[in-house]
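See structure below.
The values are calculated or read from the model by the stated rules, or taken from the named source; none is laboratory data. Everything numeric in this text was worked out from a predicted model, so none of it was measured. For neighbour counting, all protein chains shown are included, and Cβ atoms are generated from backbone atoms with ideal geometry for every residue, glycine included.
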Amino acid sequence: MVSGDLNRRESGIFTVDEIKEIWTNRSWSGKKSGNPLVVRGGYNCRHQFSYVNPDWYEEDDRFEEETPTISKKIQEQNKNDILNSNNTFTYNKNININEFNNALTRLNGQQEVTNKINEFINSKNISVMFIPRTIGRQAVRDKYFNDMKTMYKKNSDQDLDERIFQRIPKRMNGFTVKKDSFIATVVDSKDNLDFKNVDLEKLQENVRKTLKEARDDAGRYTLKRGTERFNLQWSFSKSQEGNIANQKLQTTLHELGHQIHFWATDDNRNFAKKLGQKLTVYGETNDKEYYAELFTAYATNRKALQEFYPDLTKAMDEMLDKAIKSKTKAIGIDF
Ligand SMILES: [Zn+2]
């Protein structure tokens, strides 16, 4: 968000240096003298400063709320394919959805989980979109948005809201919207994403390593500013750095994890926090991100999750089953 397509003046996000510069170079009626961080606006001013750590804005899902509407649409689909042309949009033909399916179905020891993921996607009419990072630009949307809209409407009976795509923060890697049934993975064109480059062995090994480090308090992420340190890796997606196909597979699963969370009932939504088991730095953002991160590990290496976090594995098994059976999406939950 800090580096994103955001009207920062309107939203009031500035760096300390920018505040000082504005303070030095501008004057207004009633302006006080002194340090702007101490005296703030001036006469009768009620402005306050809140500190925002840019480290927390790597990726997120900030489009939210309103009442979710559930699609009643039932349609013929090829249930053997996790992603198919009815439920997937890719802006680039190199992003081959069959290769995505191949990767998931060939993961070692994941057959049962992958079948359930397939069942969830098909039963809830989840649409998956691989969109270019430049989607915020009108010219780019002119090129792709009609096809995105058509696919989405065909699969879910819902209309795709173009406004959501106008304001994607620059560094965001994926997002989903609670009231809608799509997940979006943001792709950088220069990365030449191609899912045939998924390295399955490395993928599962990295997930295991991230989980092991979390359990052993041995991760290596440290916040750049501020005092808090986490002995965790940043995220399951980032732990795949060096292989963009691995990273984007993880991001897609992370976003899917949010939808599973929304569909599963809310009675044990805080199970992770209660157990006090940290997984990744990004997962510590809030319960939603924790759940999405947990699902990412579960969806790629359940065996490793079972090895280090048996309680979470059992809870995930139950949550996924609940999400599949659920007829309603969680509404009005205060996460
Ligand atoms: Zn998320």
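Of the residues in the range 185-201, at least one is assigned by TED's automatic domain parsing to the domain that holds Thr300, within 14 Å of the ligand (Cβ to nearest atom) and not acidic (Asp, Glu). Would the range 123-135 turn up any residue that is under 24 Å from Glu99 (Cβ atoms), in a loop (DSSP other than H, G, I, E, B), more than 16 Å from the ligand (Cβ to nearest atom) and of a type in the set (Lys, Arg)? Yes, because at least one residue in the range 123-135 is under 24 Å from Glu99 (Cβ atoms), in a loop (DSSP other than H, G, I, E, B), more than 16 Å from the ligand (Cβ to nearest atom) and of a type in the set (Lys, Arg).
When restricted to residues that are at pLDDT 80 or above, surrounded by fewer than 20 Cβ atoms within 10 Å (Cβ to Cβ) and farther than 12 Å from Leu305 by Cα, the range 214-238 contains 3. Select, from Gly242, Gly219, the only residue that is away from the ligand (no atom under 16 Å from the Cβ), within 15 Å of Leu279 (Cα to Cα) and not in a helix (DSSP H, G or I). None of the others qualify; the one that does is Gly219. Of the candidates Thr300, Thr296, the single residue that is surrounded by 19 or more Cβ atoms within 10 Å (Cβ to Cβ), within 14 Å of the ligand (Cβ to nearest atom) and at pLDDT 95 or above is Thr296. Are any of the residues in the range 245-262 modelled with pLDDT of 95 or more, away from the ligand (no atom under 16 Å from the Cβ) and assigned to a helix (DSSP H, G or I)? Yes, there is a match, as at least one residue in the range 245-262 is modelled with pLDDT of 95 or more, away from the ligand (no atom under 16 Å from the Cβ) and assigned to a helix (DSSP H, G or I). Scanning the range 272-326 for residues being of a type in the set (A, V, I, L, M) and outside any helix (DSSP H, G or I) gives a total of 2. The residues on offer are Thr328, Thr313, Thr285, and the sole one that is in contact (Cβ under 8 Å) with a residue 24 or more places away in the chain, away from the ligand (no atom under 16 Å from the Cβ), more than 10 Å from Gly257 (Cα to Cα) and β-branched (Val, Ile, Thr) is Thr328.
Could you check, for the range 152-171, whether at least one of its residues is in the same structural domain as Glu293 (by TED's automatic domain parsing), more than 19 Å from Glu293 (Cα to Cα), β-branched (Val, Ile, Thr) and in a loop (DSSP other than H, G, I, E, B)? Checked the range 152-171: at least one residue is in the same structural domain as Glu293 (by TED's automatic domain parsing), more than 19 Å from Glu293 (Cα to Cα), β-branched (Val, Ile, Thr) and in a loop (DSSP other than H, G, I, E, B).
Take Thr185 and tell me if it is in a helix (DSSP H, G or I) and under 20 Å from the mean Cα position of the chain (by Cα). In short, no.
Condition first: in contact with a strand residue (DSSP E or B) (Cβ under 7 Å, 6 or more places away or on another chain) and of a type in the set (Phe, Trp, Tyr). Now tell me which residues in the range 166-199 satisfy that. Hits for the range 166-199 are Phe175, Phe182. One residue alone among Lys116, Lys143, Lys178 is under 30 Å from Arg302 (Cα atoms), more than 15 Å from the chain's Cα centre (by Cα) and of a type in the set (D, E, K, R), and that residue is Lys116.
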